[in-house]
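Asker: So that we are looking at the same thing, I have put the structure below in structure tokens.
The values are calculated or read from the model by the stated rules, or taken from the named source; none is laboratory data. Note that the structure is a prediction, hence the values are computed from the model and not measured. Positions of Cβ are backbone-derived with ideal geometry, glycine not excepted, and every protein chain shown enters the neighbour counts. Ligands, DNA and RNA are excluded from the accessible area calculation, which covers all protein heavy atoms including side chains. Shrake-Rupley method; radii C 1.70, N 1.55, O 1.52, S 1.80 Å.
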Amino acid sequence: MNELQETKQQEVLHPFFSIWLHPKKTARYILDHKGLGYAIIFILLGGMASVLFSAMDSESLDLPTWAILLICLIGGPFIGLFSSAIGAGVFLLIGKLFKGKATYKEMFKVMGLSSIPHIWLAPILLLWMAFSPETFFRLDSDYLEVKNLLITLISSLVSFCVTIWSFVINVGVIAETHRFSNWRAFFTIFIPGFVVFVILLIIVIIFTFSFMG
């Protein structure tokens, strides 16, 4: 009877809402009860949301708003699929070092869950882009009146909080998928990020010294 009740509860679980407070439970629900096509929806939407985020503060981006939206709709899904495919492989390999038990398919299925907070924020970014493009793109500091500056500060704070929460969600999702602790999941995410940071730092230092020389 208890197992039947638990199954019914899982059937009404909505990842778009449950991921905020129950990342592990949501990940397990996706892994056990949803197919790959369902999981890819979040990956595609997450890719489009990432394009919107990357367009923020892009004062040097000489493109009209409609072109950015077109890139978001067409290029966003490919970016989401590519980054998820690479990320799933990296998190799988690093997780195996910590004795993780996930498969590549399992890891790929949950890759889009951490982007749900950004998907939630995407409509707000669209409205911000439409009604206050000068603050969204940082076109000119002369446009930053008190009202627009307040909007910018609030939006930036919300964006920062959502990004941090996405990281927290990702830790829980990877921990559940690999079936190990949150600390192991944290280092599974931190290690490749730190390696990439070091590589980029070395490249910047090399280019800096080459130009100085």
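Asker: Any idea which of Ile94, Ile71, Ile119 is among the β-branched types (Val, Ile, Thr), under 17 Å from Met56 (Cα atoms), touching a residue at least 24 places away in the same chain (Cβ under 8 Å) and surrounded by 15 or more Cβ atoms within 10 Å (Cβ to Cβ)?
Answerer: Unique residue meeting the criteria: Ile119.
Here's the yes/no breakdown for (1) surrounded by 15 or more Cβ atoms within 10 Å (Cβ to Cβ); (2) at positive phi; (3) assigned to a helix (DSSP H, G or I); (4) modelled with pLDDT of 90 or more:
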| site | (1), (2), (3), (4) |
| --- | --- |
| Leu139 | no, no, no, no |
| Leu153 | no, no, yes, no |
| Val173 | yes, no, yes, yes |
| Glu176 | yes, no, yes, yes |
| Trp183 | no, no, yes, yes |
| Thr188 | yes, no, yes, yes |
| Ile199 | no, no, yes, yes |
| Ile205 | no, no, yes, no |
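Asker: Under 8 Å between Cβ atoms, at least 6 apart or on separate chains: pull out the pairs that start in the stretch 149-165 with a residue that is farther than 19 Å from Phe186 by Cα and end on any residue that is at pLDDT 80 or above and open to solvent by 80 Å² or more (accessible area, probe 1.4 Å).
Answerer: These pairs meet every condition: Ser155/Ile124; Val158/Ile124.
Asker: Can you say whether Leu81 is open to solvent by 80 Å² or more (accessible area, probe 1.4 Å) and assigned to a helix (DSSP H, G or I), as far as the supplied structure shows?
Answerer: No: the conditions fail for Leu81.
Asker: Now a separate question. Can you find even one residue in the stretch 36-50 that is open to solvent by 40 Å² or more (accessible area, probe 1.4 Å), modelled with pLDDT under 90 and either part of a helix (DSSP H, G or I) or among the hydroxyl-bearing types (Ser, Thr, Tyr) (or both)?
Answerer: Yes - at least one qualifying residue is present in the stretch 36-50.
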